[in-house]
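Here is the structure we will look at.
The values are calculated or read from the model by the stated rules, or taken from the named source; none is laboratory data. All figures in this text were calculated on a predicted structure; none of them were measured in a lab. Note that we place each Cβ from the backbone using ideal geometry, even for glycine, and neighbour counts take in every protein chain shown. Quick note on the areas: whole protein, heavy atoms, side chains included, nothing else; ligands and nucleic acids left out. Shrake-Rupley method; radii C 1.70, N 1.55, O 1.52, S 1.80 Å.
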Amino acid sequence: MKCPIIICDDDRSLADELSGDINSAMQNMQDDNSNYEQIDAKVAFIANTFEQVVGYTVAKDIKGGIYFLDIELSQNSEAKNGVDLAEFIKKQDPYSQIIFVTAYDKYAPLTYRRRIGAIDYINKSLPRDTIIHRLEETLHDAFDRLTNDYKAGVKSFTYQIGRRVQKVNQDSIYYIENSLTQHKVHMITENGESEFKGNISQLDDDNPFLIKVSQSCVVNPENIDAVNISKRTITFPNGDQIVFSRNKKQIVKNLLNKYPDISTK
Amino acid sequence: MVSNNKKLVLSLVGYFYISVLVVFIINVYINNKSVTAIIFSILLVLQLLFMALIFYFILGLQKQYIKNKEQEMEKNHQRQLEEYAGYLEQSEDELRAFRHDYRNMFNSLKVSAQEGNVQEVIDKLDKYTQTNLNSQALLKYKDVNHVHVKSIKSIIISKLTEMYNLGIKYNFECRKGIYSLPDHVDELDLVRIIGITCDNAIEESKALMGDGKKNQADIQIMFYSAESGEFEYEIRNKTRKSKISVKQIQKQGFTTKKNHQGLGLANVKQIEAKYPDMDISYTVENDWFDFYITIDTEDGE
């Protein structure tokens, strides 16, 4: 799997130094762990401006690139910065993995997350060997995510929390039900749960992978553990149980046929 | 003041009414009208005076109590601003010391460079970077200077200080200046919400550190104000493994603290109910708890 690595920092010497550090990190990783042998990652481009990265990404139609960006890309505070660049890259290359290499005073993970999603950070002012260690960690995470995304295809479910657009992998969703709060729904995934504005019927209409099993609940059949037809319950891997309505019995029975892994008790 | 004390006024009037009745009944039993009339009129007048005295006395006590409360709040405010000013002054000193060292460093480097001793230049640069540029002091209240609403600035300084003193890893961000809150929101309600959520985060972090997982405690806080005037506040903290459900924590009386009433998030819910333009979301994921509130302006969507 080809993983082009692209670096951008308006300070030429820092950009070059980062490139050297990345090569050292990758050398360490290959020495330690042969898992990464099939990943063909190398520094493909060292840029110093916003425009250079944009031009390169579009011209080479990069998909699944790993980007190490500084946040401050120019002395002019009005000019485009690393956050703007990350936003552009994410639109252009949905598989892209982005890591900000920046000074601590620009470290604002939540502020950037609401715009461009979760990002990794490396503190620029750390001593060199700590930076290389951090590079190994972030590259490791980036490789893992890329392999998973390519395997699963990027099937994500998007919803809005306040002003923030949140994406979650479809496969991790267990079920979504009406919340105790008005106009809100409550979603349970394999990693946790979340509440956001929504409506069960609308979710059912907009998302074919979700199946409506009652007035107040839609489920993701891929994640159903067990179904009890007589008690009308559906159980999930985390032990949660929901009740489906009588008139959806046939729909649930169809699911049992379609997904033979579901156990019936 | 009178309307606030409906109960008090009613009780006093009731008391007067009973006094009148008692006087009247006694009057019926005693025959000597003129003497009794005078005596009891005097008694009634005394009762009236007594009532008025009690009433104004209680009013006075109330005013005093309210004044004390306000003074206490002012003192708190003052203390926090003084602490913040102290921190700024310390930073000023550090900057001055740094500038002084900077000059010395440059002179020393110049000498080494003139002598052509490159290795010495590199060694000196390394040494100076380690000691001077990694000062922790400048990081304690990073971005607090971008918060220009006094009450909010005050509460966040107070909570960040608490986190710092407990040794909890934290990060506060407020990248854009906040000059005002949406009009229809009572500042004190927002202060309360920030206070409660920070306290919860601190409690959970203390528990994590108590379990010996000092490196895992982590709190991230964000203030954000959009051009349109909307205000956003987010706080995330690492949690212990015990799977807490989002449904449970919003109920009254839920708490993970021993011997505590656990009113926090239920109170937040009550405040949220007052404002249709306020939206709160809870997310629990991968051992992080996330609390996120947006407040729209009234004429917003």
For region A:234-250, in residue order, the Karplus 3J(HN,Hα) values (coefficients 6.51, -1.76, 1.60; θ = phi - 60°; whole Hz; Gly and Pro = x) are 10, 10, 10, x, 8, x, 5, 10, 10, 9, 9, 7, 3, 6, 9, 4, 5
In debye to the nearest 20, the charge dipole size for region A:2-152, taken about the Cα centre with +1 at each Lys and Arg Cβ and -1 at each Asp and Glu Cβ, equals 560
From most to least accessible, 1.4 Å probe, no ligand or DNA/RNA atoms counted, A:128, A:246, A:145 line up as A:246, A:128, A:145
One quarter of the C-alpha convex hull surface, i.e. the mean projected area of region A:2-152 in nm², amounts to 8.6
For region B:171-218 the trypsin sites (Lys or Arg not before Pro) that pass both the DSSP coil test and the at-most-15 other-Cβ-within-10 Å test are B:176, B:213
Within region B:22-124, DSSP-loop GluC sites (Glu not before Pro) with at most 11 other C-beta atoms within 10 Å are B:115
Among A:219, A:194, A:112, the residue whose Cα sits farthest towards the positive end of the charge dipole of chain A (+1 at Cβ of Lys and Arg, -1 at Cβ of Asp and Glu, taken about the Cα centre) is A:219
With only helices counted (DSSP H, runs n ≥ 4, each -39500 (n - 2.57)), the per-residue ellipticity at 222 nm for the protein assembly as shown, to the nearest 500, works out to -16500 deg cm²/dmol
Note on the protein assembly as shown, DSSP bridge orientation, antiparallel percent to nearest 5 equals 65
Computed for the protein assembly as shown: size of charge dipole around the Cα centre, +1 on C-beta of each Lys and Arg, -1 on C-beta of each Asp and Glu, debye to nearest 20, value 2840
GNM of chain A, Cα pairs under 10 angstrom: of A:104, A:174, A:95, the biggest fluctuation goes to A:104
per DSSP, antiparallel bridges as share of beta bridges in region A:171-264, % nearest 5, sits at 90
Loop-resident GluC sites (Glu not before Pro) in region A:43-103 with no more than 10 other Cβ atoms inside 10 Å, DSSP not H/G/I/E/B, are A:78
